[in-house]
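The values are calculated or read from the model by the stated rules, or taken from the named source; none is laboratory data. All of these numbers come straight from a predicted model, not from anything done at the bench. In this analysis, Cβ positions are derived from the backbone assuming ideal geometry, glycine residues included, and neighbour counts consider all displayed protein chains. To get the accessible areas, we keep the full protein, side chains included, count just its heavy atoms, and leave off ligands, DNA and RNA. Shrake-Rupley method; radii C 1.70, N 1.55, O 1.52, S 1.80 Å.
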Amino acid sequence: MESKFASRKFILAAFVLLAALGLLIAGLIDQNTWSSFNTWVIGLYITGNVGAAYVADGTGYSSGGYPSGGYTRAGDAACAAKKVQS
């Protein structure tokens, strides 16, 4: 079983957040800068995970958005059923 904490994105984000914490403790950056930096790093990490899942999804959403009827729960169920069958 693969650990969810072994991804390159997670390791990089954790390293950068720890580096920012070190800069805060050393007094090289202030609390507002640290907070803003953490917001950006976590936001980029989440965006990267969503983007990777979107590209690797394979349900058709990555090839042009939602089904022609727009966003519906039925459309999600149909795409999930299609994924299970393949």
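Quick look at the numbers
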| quantity | calculated |
| --- | --- |
| Inter-residue pairs, beta-carbon under 7 Å, first under 20 Å from PHE15 (Cα atoms) and in the stretch 42-55, second part of a helix (DSSP H, G or I), 6+ apart | TYR45/LYS9; TYR45/ALA13; GLY48/LYS9; ASN49/LYS9 |
| Subset of the stretch 1-46 [in a helix (DSSP H, G or I), of a type in the set (S, T, N, Q) and open to solvent by less than 90 Å² (accessible area, probe 1.4 Å)] | THR33, SER35, SER36, ASN38 |
